[in-house]
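Each remark here refers to the structure printed beneath this line.
Throughout, read-outs are computed from the coordinates displayed, never taken from laboratory work. Since the structure is predicted, the reported quantities are computational estimates derived from the model, not experimental observations. Cβ placement follows ideal geometry from the backbone for every residue including glycine, while neighbour counts extend to all protein chains displayed.
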Amino acid sequence: MTETPLEWLALARGTLDRVALRRRDDAWLKTAWADPRTRVLVVEDGRSLVSHDPDPALVFVPPGDAPPGDRWLLGVDPAGVAYFGTAAPLPAIEGTEPAGLRRVGALLNDRDSGLLTFVVALEHWHATHLFCPRCGAPTEVRSAGHVRTCTEDGSDHFPRVDPAVIMLVTDAADRILLARGPQWPADRRSILAGFVEPGESLEQAVAREVMEEVGLAVRDVRYLGSQPWPLPRSLMLGFTAKADGDVPLRPDPEEILDAAWYTRAELREAVEAGEIVAPGPLSIAAQLIMRWYGGELPNMPHF
Ligand SMILES: [Zn+2]
């Protein structure tokens with residue numbers, strides 16, 4: 001059977017050209033910043049200003065109104081308009097409100113969803129990499145916000161992204177494996193996920209996590225798609241896998257409170273009865289579950 005890829009992922013929709021070669025082009029950057037068409041996206045604690053008319057849309061400020069501080073080149077749109085990001089207290093603009101990815105990441109248009117995802121990721125990286133991991137001296141921003149350089153030893157440091165695998169596991173009867181994490185509400189269930197370890201392939205990470213969390217061997221690990229998840233700095237890589245053989249689930253009590261197999265009818269009934277709340281459409285988990293289920297589940301939140 002061929003695997004169809006995931007068609008829509010809320011945070012993987014960015015449309016701008018990132019123009020990475022312009023990041024060290026000081027003359028170009030200066031011209032772009034002087035252009036009144038240029039737009040600046042201010043971010044504070046993972047949120048930017050959004051207007052509703054009626055759909056949510058990011059609210060930008062022109063460079064002349066931008067707060068002082070480091071600015072990061074985010075990209076250029078097809079009309080040649082440049083977009084920058086900066087971390088600062090959000091300005092007071094009538095008719096706007098602060099919103100983060102969990103609120104509006106699935107609702108914004110493709111361009112804005114990509115911009116907010118990018119700026120939130122950069123904000124977190126800058127805020128947590130003020131000092132050199134080699135010598136402890138302060139770092140400073142270079143390359144229009146895409147490198148931090150040590151002021152003592154000159155070493156360059158690049159934005160961090162942590163790969164994490166998330167996998168929809170099915171058994172021989174095409175039932176889906178859903179589990180509940182220890183910190184989750186009683187009615188929350190999702191598919192298994194975990195971070196990739198150093199020296200490990202994605203496929204090995206899928207197999208290891210499923211074995212660790214529920215004691216199950218898997219085969220036929222297939223990649224379906226990815227989306228950034230800068231909450232705070234993951235890249236989610238979505239897979240399917242099949243249970244190898246018919247062995248009982250042995251959930252690791254430290255990681256999984258309970259785990260069970262569901263047919264489509266059983267999952268629909270559990271959701272309709274309010275026993276299970278499925279993940280919202282922002283997540284790659286929801287897209288993997290819908291792909292298996294064959295559409296949206298009842299009562300699925302639309303944001
Ligand atoms: Zn250093």
Ranked from fewest to most other Cβ atoms within 10 Å of their own Cβ, His124, His157 fall in the order His157, His124
Taking the chain and counting helices only, DSSP H stretches of n ≥ 4 at -39,500 (n - 2.57) each over all residues, the nearest-500 ellipticity at 222 nm comes to -6500 deg cm²/dmol
Scoring region 20-128 by relative contact order with C-alpha pairs under 8 Å, at least six apart, yields a percentage of 30
Net charge (Lys, Arg +1; Asp, Glu -1) of residues whose beta-carbon lies under 14 Å from that of Leu235, Leu235 excluded, is +1
Computed on Cα atoms, the radius of gyration and Dmax of region 248-303 in angstrom are 12.3, 36
With the charge dipole of the chain built from beta-carbon charges (+1 for Lys and Arg, -1 for Asp and Glu) about the Cα centre, the Cα from Leu90, Leu216, Val277 projecting farthest to the positive end belongs to Leu90
Out of Val81, Thr4, Ala260 - ranked by how far each Cα lies towards the positive end of the dipole of the chain, with unit charges on the beta-carbon of charged residues - the top one is Val81
Expressed as a whole-number percentage, the relative contact order of region 184-234 with C-alpha contacts under 8 angstrom and at least six residues apart is 23
Answer in debye to the nearest 20: the dipole magnitude of region 162-293 about its Cα centre, from +1 Lys/Arg and -1 Asp/Glu charges placed on Cβ, is 420
In vacuo Debye sum over C-alpha of the chain, base-10 log of normalised intensity I(q)/I(0) at q = 0.12 Å⁻¹, listed in q order, is -0.88
So, over other residues within a Cβ distance under 15 Å of Asp25, counting Lys, Arg +1 and Asp, Glu -1, the net charge is +4
Per DSSP, the loop-located GluC sites (Glu not before Pro) within region 245-281 having at most 12 other beta carbons within 10 Å are Glu254, Glu275
Taking every other residue with Cβ under 15 Å from the Cβ of Pro98 and scoring Lys and Arg +1, Asp and Glu -1, one gets -3
On each of the three principal axes the extent of the alpha-carbon atoms of region 172-244, given in whole Å and largest first, is 36, 34, 21
Computed over the chain, the relative contact order (Cα-Cα under 8 Å, seq sep at least six) in percent reads 18
